[in-house]
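*Asks:* Below: one structure in structure tokens.
Read-outs throughout are calculated quantities, based only on the coordinates presented, and are distinct from any laboratory measurement. Being a predicted model, the structure only gives us computed values, none of them experimental. Cβ atoms come from the backbone with ideal geometry, glycine included; neighbour counts cover every protein chain shown.
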Amino acid sequence: MLDDTEPTMTRVTLEIELPEALAEQARKAGLLEPQALGRLVREALLARRLRDLAQARDVLAANALPPMTPEEIQAEVDASRSKVRRAARP
């Protein structure tokens, strides 16, 4: 998190079935504690975002667009800024 505020917490109750040996190892390693489970969920979400980004990169690489000229880039920037300005008007 980038700011100093505390995140709003939500209680999630879940039940999982694990082989006994795995459950015992996870318990001993502290992986079934709330903080550890939160970290595992964050890591899984990050891994999913990275996978999705890699897939998007592959799609873009397979469908390469022609390079834009500096003038075309500036026209896109100007159009975007204009759109933001219009949206900000009351």
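*Asks:* Any chance you could give the angle, 0 to 90 degrees and rounded to 10, that helix 70-88 forms with the longest Cα principal axis of the chain?
*Replies:* 70
*Asks:* Tell me, what is a quarter of the convex hull surface for the C-alpha atoms of the chain, in nm² with one decimal?
*Replies:* Value for the chain: 12.2 nm².
*Asks:* To the nearest 20 debye, what is the magnitude of the charge dipole of the chain about its Cα centre, counting +1 on the Cβ of each Lys and Arg and -1 on the Cβ of each Asp and Glu?
*Replies:* Taking the Cα centre of the chain as origin, the dipole is about 360 debye.
*Asks:* Suppose each label sits 7 Å from its Cα in the direction of the beta carbon; what would the residue 11-residue 40 distance come out to in nanometres?
*Replies:* 2.1
*Asks:* Per residue of the chain, what 222 nm ellipticity follows from adding -39500 (n - 2.57) for every DSSP H run with n ≥ 4, rounded to the nearest 500?
*Replies:* -21500 deg cm²/dmol
*Asks:* Can you find, among 45, 61, 21, the residue farthest towards the positive end of the dipole of the chain? Put +1 on the C-beta of Lys and Arg, -1 on that of Asp and Glu.
*Replies:* The residue sitting farthest along the positive end of the dipole is 61.
*Asks:* To the nearest 0.05, what FRET efficiency results for residue 32 and residue 55 with a Förster distance of 35 Å applied to their C-beta separation? Don't skip to the end; give the middle numbers.
*Replies:* Details: r = 32 Å, r/R0 = 0.91.
Given R0 = 35 Å and the Cβ-Cβ separation, E is 0.65.
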